[in-house]
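The block underneath contains the structure these notes are about, expressed in structure tokens.
The values are calculated or read from the model by the stated rules, or taken from the named source; none is laboratory data. Quick caveat, the model's predicted, so the values are computed rather than measured. Don't worry about glycine lacking a Cβ; one is built from the backbone with ideal geometry, like all the others, and counts go over all protein chains shown.
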Amino acid sequence: MTNAIRKPRGVLITGNWKMNHGPEAARKFFAALPADTAALISAKNGLRAAVYVPDVSIVAAREAAAEHGLGAVRVGGQNVHWEKSGAFTGEISGTMLTELGVSTALVGHSERRQYFGETDATARKRTESLLAQSFEVILCVGETREERESGRTNEVLNRQLVAVLGEKGADATHPARAYLDGRLVIAYEPVWAIGTGLTATPEQAQEAHAFIRGLLAKVAGDQAAARTSVLYGGSVTPQNVDQLLGCADIDGALVGGASLKPESFLALLTAGAKALA
Ligand code: PGA
């Protein structure tokens, strides 16, 4: 399906590898992407791409991407501490990622919230810290099935976003608000759609995205809202991505399972390019 929807913020296709693909698999992934993949991704046509990989695979992924002419596929981290160094066993910092040439990271993914104690407050700390260190941040928000079924989707999105961006009128100097310059990306990922094969319908996704954009306008102004990419995530596949990208407020996708295979990641990129044509 081609669509006539304008994409003023371009399209951003991102893969979240989660705890998959060690260094060797990361190299194989980039080796298997055809060389003309790079031609799809350019600032000129408005398609951007990134993969969020396990920390141990970052170096291999970046090297392999460069080796195969795919440096345009950015490599990012999945979880980063807000402090720059210190006694935080098991954590890594933005400074460390910067040293590897990484300048993008996920924050507040629902799996971090569900299994590893991420809260709205820690998501805010990570976002503030990373934006201040010149990162692009993908802040993940989204409701659970129970929250949707009890009609609380907007309330949850409001809570998760306001916790990071601040309330209207208050917090005028809030770093995340100040940095709403395109480096803060929001990923709407309904928890019930993640890894379940249950994708939100384009109507459900568009409704949530429009709500998020409205909220951004309220807390950060119309210009910031117009500049901020809002990605959809949750069982996105090459089969359903066209319809999702056909929605006015969907600026791309954050893809788990379907980003792991090079052929399926390529199909997602191709769909992204098509949505811009
Ligand atoms: P999924 O994961 O595409 O496998 O549903 C999406 C995500 O968790 O970012």
message = I'd like to know if the stretch 248-260 contains one or more residues that are within 15 Å of the ligand (Cβ to nearest atom), more than 24 Å from residue 135 (Cα to Cα) and surrounded by fewer than 16 Cβ atoms within 10 Å (Cβ to Cβ).
response = no
inquiry  = Taking the conditions exactly as written (of a type in the set (Lys, Arg) and within 15 Å of the ligand (Cβ to nearest atom)), does residue 218 satisfy them or not?
reply    = no
remark   = With the first residue restricted to the stretch 109-133 and required to be closer than 19 Å to residue 183 by Cα, and the second required to be modelled with pLDDT under 95 and assigned to a loop (DSSP other than H, G, I, E, B), Cβ contacts under 6 Å at 6 or more apart or on different chains are 131/179
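Of the residues 216, 231, which is crowded, with 19+ Cβ neighbours inside 10 Å, under 19 Å from residue 174 (Cα atoms) and in contact with a Ser or Thr (Cβ under 8 Å, 6 or more places away or on another chain)?
That would be 216, the only listed residue that is crowded, with 19+ Cβ neighbours inside 10 Å, under 19 Å from residue 174 (Cα atoms) and in contact with a Ser or Thr (Cβ under 8 Å, 6 or more places away or on another chain).
Evaluate the stretch 50-58: report whether one residue or more is part of a loop (DSSP other than H, G, I, E, B), in contact (Cβ under 8 Å) with a residue 24 or more places away in the chain and closer than 27 Å to residue 229 by Cα.
Checked against the condition, which is being part of a loop (DSSP other than H, G, I, E, B), in contact (Cβ under 8 Å) with a residue 24 or more places away in the chain and closer than 27 Å to residue 229 by Cα, the stretch 50-58 yields at least one hit.
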inquiry  = As an exercise: evaluate residue 238 against (1) assigned to a loop (DSSP other than H, G, I, E, B); (2) away from the ligand (no atom under 15 Å from the Cβ); (3) not basic (Lys, Arg) and give the number of the one condition it does not meet.
reply    = (2)
remark   = Those residues of the stretch 189-203 which are within 15 Å of the ligand (Cβ to nearest atom) and assigned to a helix (DSSP H, G or I) amount to 191, 192, 193
key: Breaking point among (1) closer than 30 Å to residue 277 by Cβ; (2) exposed (fewer than 15 other Cβ atoms within 10 Å of the Cβ); (3) in contact with a helix residue (DSSP H, G or I) (Cβ under 7 Å, 6 or more places away or on another chain), for residue 101   = (1)
inquiry  = Would you confirm whether or not the stretch 150-169 contains a residue that is in contact with a helix residue (DSSP H, G or I) (Cβ under 6 Å, 6 or more places away or on another chain), modelled with pLDDT of 95 or more and among the acidic types (Asp, Glu)?
reply    = no
message = Take the residues in the stretch 72-87 that are in a strand (DSSP E or B) and under 14 Å from the mean Cα position of the chain (by Cα); name whichever of them is surrounded by the fewest Cβ atoms within 10 Å (Cβ to Cβ).
response = 74
